[in-house]
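> I have a structure here, written as structure tokens, and I will follow up with some questions on it.
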Amino acid sequence: MHVSRLFRATSVCILAVGVHAAFAADALTVVSYGGQYTASQREAHYEPFSKKTGIEIKSVDYNGGLAELVAQVRSGSVSWDVVDVEMQDLERGCSDGLFERVDLDKLPAGSNGQPAKDDFLEGALHPCGVGSVVWSNVIAVNETAFSGRSGPRTIEDFFDVAAFPGKRGLPKRPNALLEWALMADGVEPTSVYDVLSTPEGLNRAFRKLDTIKDESVFWETGAQMIQLLVDGEVAMSTAYNGRIQGVISDDGKPLRILWDRQIWNADYYAVIRGSRGKAAAEEFVRFATATEALAAQAHIIAYGPVRRSAEALIDPEIAATLPTASANFQNALAFNAEWWTDHGDVVNERYASWLSQ
Amino acid sequence: MRGFVRFRPGWGLLLPLLVFTAVVFVMPIGVMLWKSVHDPEVSELLPATKIALARWTDETTLPPPASFDALSSDLKKLVENARIGELALRLNREQPGFRQLIERSANEIHGDGAPLMETDRRWSDPSSWRLLKRAAETYTPRYLLNAVDMQIAADGSISRQDEQRQIYLRLFGRTIFVAAIVTGLCAVIGYPFAYALASAKGALRSVLFFVVMLPFWTSLLVRTTAWIVILQRQGVLNELLVSANLIGDNERFALIYNFFGTVIAMVYVLLPFFILPLQAVMRGIPGQYVRAAESLGGNPMRVFGRIYLPMTMPGVAAGGTLVFILSLGYYVTPALVGGRTGQLISNQIAFHIQSSLNWGLASALGTILLAIVVVISIPLSRAVAYGRPQR
């Protein structure tokens with residue numbers, strides 16, 4: 001008797017809590033890439049936001065891509081509220097109607113009073129999402145592979161197997177890689193995407209990749225790329241700057257980032273269409289992309305803030321390691337997500353075919 | 001009648017199993033088969049255009065003017081419902097560049113009511129319309145054709161895919177090849193082990209069983225990573241060979257991130273699936289058959305070949321079928337250790353589900369893989385019957 005009454009009381013409580021959580025938006029589910037990156041978001045964005053508003057944030061990890069989002073939005077059972085997406089997924093998901101529109105006028109001005117529209121880097125404000133960090137595709141070099149002589153300094157060096165022997169780590173997806181292949185073949189950063197749009201240009205990029213194919217090891221995930229570099233399996237690899245910087249500053253590994261013609265990309269916070277806590281989700285996005293929140297995040301992980309006003313709040317020593325530092329940014333290329341949305345299907349198939357031969 | 005009534009509670013007990021089978025087994029496979037040919041997206045987005053284009057007979061000329069009005073009104077509605085992007089993305093998959101064409105034309109029609117023809121000169125080209133008509137078909141062989149490196153052109157003709165984009169047939173071939181090699185190696189390694197396991201007694205048997213079952217207690221990821229640690233260029237095996245001066249520091253073997261690595265890691269993971277059913281069959285074979293054959297003068301090779309091996313064939317076939325079918329769908333191991341040459345078809349299926357969102361193509365690839373499994377497992381299940389003691 002006692003047990004059953006206790007049981008009934010508990011189930012009523014659980015039901016009540018469940019109903020409460022579902023209808024009152026005092027909890028948000030924010031989805032991001034996990035690992036060090038989500039850790040930086042938790043410390044710089046989630047926890048301060050909860051402290052300020054009392055809205056709890058539930059953090060969920062995913063591997064990027066839109067499959068899960070499509071499934072949720074199309075089936076009408078949306079359990080996520082805010083998602084951290086990269087440029088290409090934002091562009092595509094926005095076309096596909098997966099995100100709520102952003103009211104750009106409501107974004108707070110920068111800490112120096114600069115209105116949001118002028119404060120954000122170009123491209124960081126999108127009809128469907130608000131930029132948070134700039135991250136970059138770079139080349140990472142394992143210094144021990146070149147001890148006693150000078151290592152590679154440019155993109156041309158990465159493709160020069162004779163002068164800089166050693167295995168290359170390459171991704172199993174062609175994004176950013178084709179751009180580098182063309183630039184190493186002499187194409188100016190400004191005309192990379194024009195050249196790549198022509199059949200001859202695409203062939204040219206693949207011919208350049210042919211020259212390092214036999215000297216390459218192909219990786220699937222960022223974690224695998226780090227492991228290949230740290231274990232000395234490859235002498236250098238295409239890489240994401242934040243992860244490399246983490247391994248350098250936290251673990252003291254002998255890696256070096258080669259900033260020459262980095263291809264920068266951005267991550268965005270976007271609100272999922274049909275989110276049950278839409279108003280709170282929008283408030284979170286505004287909070288997390290304010291100057292202070294972005295500057296705080298840059299102190300934890302080496303991704304650059306998308307607001308210009310945040311630079312003044314960042315420790316100079318840390319600022320020098322960010323992709324947005326002027327010394328690193330000189331001949332940077334902006335990743336063209338639109339080009340990839342238009343040509344991705346064909347190019348991915350061709351790259352997969354090239355890989356399998 | 002009474003017998004039938006008494007039988008009913010038994011059916012009740014079966015119900016959970018039937019429901020479970022229907023929900024987790026029959027339904028997903030049905031949806032997959034269905035999705036590989038059923039593609040209603042464009043016809044739902046362009047209902048008026050679809051009807052108008054049905055009356056277009058001579059496809060070498062432009063479609064009748066009514067089609068232009070129909071498309072204009074469909075596009076306008078899509079802009080109002082904010083669904084124009086779905087159509088643009090979908091058509092872009094048929095032909096790169098269509099995303100911008102659709103979005104720009106739709107916005108101009110919606111914005112200042114421009115006539116469709118004036119928004120882009122591609123609308124004066126019959127081939128754009130042929131593409132629309134083809135894409136608006138609700139049932140399509142397109143994905144199944146793509147999955148075997150064929151393509152269907154806007155005029156309906158079927159041809160091979162551009163050479164540079166051909167990939168799936170090669171990957172299907174490689175997947176079957178890898179599965180065959182893995183099954184063969186499992187048989188060579190697993191048969192003696194299963195025999196040892198079946199004939200061992202007491203503590204030795206417990207130890208052998210423990211060795212077979214041990215891998216199941218550790219995560220697949222951890223075990224695969226362990227192979228990376230052992231086999232990589234700077235790994236345990238190469239270090240040993242170098243320090244023993246068997247190979248030079250520059251001659252280290254590439255044992256992982258390739259075809260070889262995939263095969264090794266898969267054999268290791270799948271070996272228990274071969275050994276366990278086989279040893280069960282072996283334990284059921286009475287010793288007197290072999291002894292009788294020996295007493296009749298058969299030498300060991302002959303006794304094994306004529307008596308013992310045929311009687312264990314059901315176990316070999318069961319284990320072999322299990323390993324072969326599991327290998328066909330293997331995903332995690334090739335993704336981690338396969339590098340470039342060890343990728344299998346499952347890695348492409350995952351890519352189309354997760355990244356390119358081309359679920360129709362993913363379903364078609366899955367359908368073909370299922371067909372391969374069915375075709376291959378029918379003769380194998382006959383082999384299970386072969387060698388069964390005649391009664």
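> Based on the alpha carbon coordinates of chain B, what radius of gyration and maximum Cα-Cα distance (Dmax) apply, in Å?
Spelled out, the Cα radius of gyration and Dmax of chain B are 29.5, 99 Å.
> Another question about this same structure. Which whole-Hz ³J(HN,Hα) couplings does the stretch B:292-305 yield from phi under the Karplus relation 6.51 cos²θ - 1.76 cosθ + 1.60, θ = phi - 60°, glycine and proline marked x?
Using θ = phi - 60°, the values come out as 4, 4, 5, 5, 8, x, x, 6, x, 4, 5, 4, 5, x Hz.
> Something else about it: Ratio of alpha-carbon Rg to the 2.2 N^0.38 Å globular estimate for the stretch B:76-184, to two decimals, please. Show your work: numbers first, answer last.
Values: Rg = 18.9 Å, N = 109, 2.2 N^0.38 = 13.1 Å.
In units of the 2.2 N^0.38 Å rule of thumb, it is 1.44.
> Any chance you could give the angle, 0 to 90 degrees and rounded to 10, that helix B:2-21 forms with the longest Cα principal axis of chain B?
70 degrees
> For a quick check: with amide H placed at 1.01 Å from N, whose amide H comes under 5 Å from A:Trp219's, ignoring anything fewer than 5 positions away on the same chain?
Distant-sequence amide H within range of A:Trp219: A:Leu170, A:Lys172.
> With the cut-off at 28 Å, report for the stretch A:147-303 the share of all Cα pairs above it, as a whole percent. Mind dumping the intermediate values first?
Numbers: 4385 of 12246 pairs.
Result: 36 percent of Cα pairs exceed 28 Å.
> From the mean inverse distance of alpha carbon pairs (Kirkwood) and the Cα radius of gyration, derive Rg over Rh for the stretch A:235-288. If you can, show how the numbers build up before the last one.
Values: Rg = 17.5 Å, Rh = 14.5 Å.
Computed over Cα atoms, the ratio is 1.21.
> Could you name the lysines in cross-link range of A:Lys117, using Cα to Cα under 23 Å and dropping any fewer than eight places away on the same chain?
A:Lys106, A:Lys278
> If I require 18 Å or longer along the helix axis, counting alpha carbons, and a Kyte-Doolittle average no lower than -0.5, what helices from chain A are left? Use full DSSP H segments.
Length and hydropathy pass: A:2-23.
> How many percent of Cα pairs in chain A exceed 39 Å? Write down the numbers at each step before the final one.
Details: 12989 of 63546 pairs.
Summing the P(r) of chain A above 39 Å gives 20 percent of all pairs.
> Let me ask another. Counting each DSSP H run of 4 or more residues in chain B as -39500 (n - 2.57), what helix-only mean residue ellipticity at 222 nm follows after dividing by all residues, to the nearest 500 deg cm²/dmol?
-21500 deg cm²/dmol
> Take the eigenvalues of the Cα gyration tensor for the stretch A:90-136, scale each by 5, and report the square roots as semi-axes in whole Å, largest first. Write out the running numbers ahead of the final one.
Details: eigenvalues 93, 35, 9 Å².
Output for the stretch A:90-136: semi-axes of 22, 13, 7 Å.
> If you find the alpha carbon centre of the stretch B:39-81 and of the stretch B:236-297, how far apart are they in angstrom?
If you average the Cα positions of each part, the centres end up 61 Å apart.
> Most fluctuating residue of B:Ala244, B:Ala335, B:Ala318 in a GNM of chain B with Cα springs under 10 Å: which is it?
Per the Cα network of chain B with a 10 Å cutoff, B:Ala244 tops the list.
> Given the C-alpha atoms of the stretch B:122-214, compute the convex hull and give its volume per residue in Å³.
On the way: hull volume 16.0 nm³, N = 93.
Dividing the Cα hull volume of the stretch B:122-214 by its residues yields 172 Å³.
> What FRET efficiency comes out for B:Arg170 versus A:Asp160 if R0 is 22 angstrom and r is the Cβ-Cβ distance? Round to the nearest 0.05.
Numbers: r = 30 Å, r/R0 = 1.39.
E(calc), rounded to 0.05, equals 0.10.
> Using only Cα positions of the protein assembly as shown, each an equal point scatterer, no hydration layer, compute I(q)/I(0) via Debye at q = 0.05 Å⁻¹ and quote the log10 values to two decimals.
Listed by q, the Debye log ratios stand at -0.33.
> I need the Debye-formula profile for the stretch A:216-357: one equal scatterer per C-alpha, no solvent, reported as log10 I(q)/I(0) at q = 0.14, 0.20, 0.21 1/Å, two decimals.
For the stretch A:216-357, the Cα-only Debye profile gives -0.89, -1.29, -1.32.
> Residue by residue through the stretch B:334-343, which ³J(HN,Hα) values in whole Hz follow from phi under the Karplus form 6.51 cos²θ - 1.76 cosθ + 1.60 (θ = phi - 60°), with glycine and proline marked x?
Using θ = phi - 60°, the values come out as x, 5, 7, 10, x, x, 8, 8, x, 6 Hz.
> What share of the DSSP beta bridges in the protein assembly as shown is antiparallel, in percent to the nearest 5?
Numbers: 31 of 47 bridges.
Roughly 65 percent of the beta bridges in the protein assembly as shown run antiparallel, per DSSP.
> Across chain B, where is the longest run that never hits chymotrypsin sites (Phe, Trp or Tyr not before Pro) in a DSSP loop with at most 15 other C-beta atoms within 10 Å?
Numbers: sites that count: B:Phe253, B:Tyr331, B:Tyr386.
The segment B:1-252 is the longest one with no such site.
> Multiply the residue gap between B:Val188 and B:Gln234 by 0.36 nm, knock off their C-alpha separation, and tell me the result in nm, one decimal place. Before the final figure, lay out each step's value.
Working: separation 46, 0.36 × 46 = 16.56 nm, distance 2.94 nm.
13.6 nm is the gain from fully extending B:Val188 to B:Gln234.
> With both bridge residues required to lie in chain A, what share of the DSSP beta bridges run antiparallel, to the nearest 5%?
Details: 27 of 43 bridges.
Here the antiparallel bridges make up roughly 65 percent for chain A.
> Using only Cα atoms, what Kirkwood radius does the stretch B:242-391 have, in angstroms? Working shown, then result.
On the way: mean 1/r = 0.0532 Å⁻¹.
Averaging 1/r across every pair of different Cα atoms and inverting gives 18.8 Å.
> Could you give the distance between the Cα centres of the stretch A:252-274 and the stretch B:179-232, to the whole Å?
42 Å
> Which value in nm describes the separation of the simple spin-label points at B:Ser377 and B:Asp155, placed 7 Å from the Cα toward the beta carbon?
Distance between the two pseudo-spin positions: 4.4 nm.
> Something else: Dividing the Cα radius of gyration by the Kirkwood radius, what Rg/Rh value follows for the stretch A:63-209? Each step should come with its number before you reach the end.
Details: Rg = 20.3 Å, Rh = 19.0 Å.
That ratio equals 1.07.
> Could you give the spread of the C-alpha atoms of the stretch A:289-350 along their three principal axes, from largest to smallest, in whole angstroms?
44, 25, 18
> Suppose we look only past 19 Å in the calculated P(r) of the stretch B:1-106. What percent of the Cα-Cα pairs does that tail hold? Don't jump to the answer; show the numbers that get you there.
Numbers: 3577 of 5565 pairs.
For the stretch B:1-106, the share of Cα pairs beyond 19 Å comes to 64 percent.
> Sort all Cα-Cα distances of the stretch B:32-77 into consecutive 5 angstrom bins from zero, then give the percent of pairs in each bin up to the one containing the longest distance.
5, 22, 23, 18, 15, 10, 6, 1
> Need the list of aspartates and glutamates near A:Lys253 for cross-linking: C-alpha distance under 13 angstrom, and skip anything on the same chain fewer than eight residues off.
A:Glu143, A:Asp231
Readers should treat all values here as calculations from the given coordinates under stated rules, not as data from a laboratory. Keep in mind the model is a prediction, meaning the values are calculated, not measured. Cβ coordinates were reconstructed from backbone atoms using ideal geometry, including for glycine residues, and neighbour counts include every protein chain displayed.
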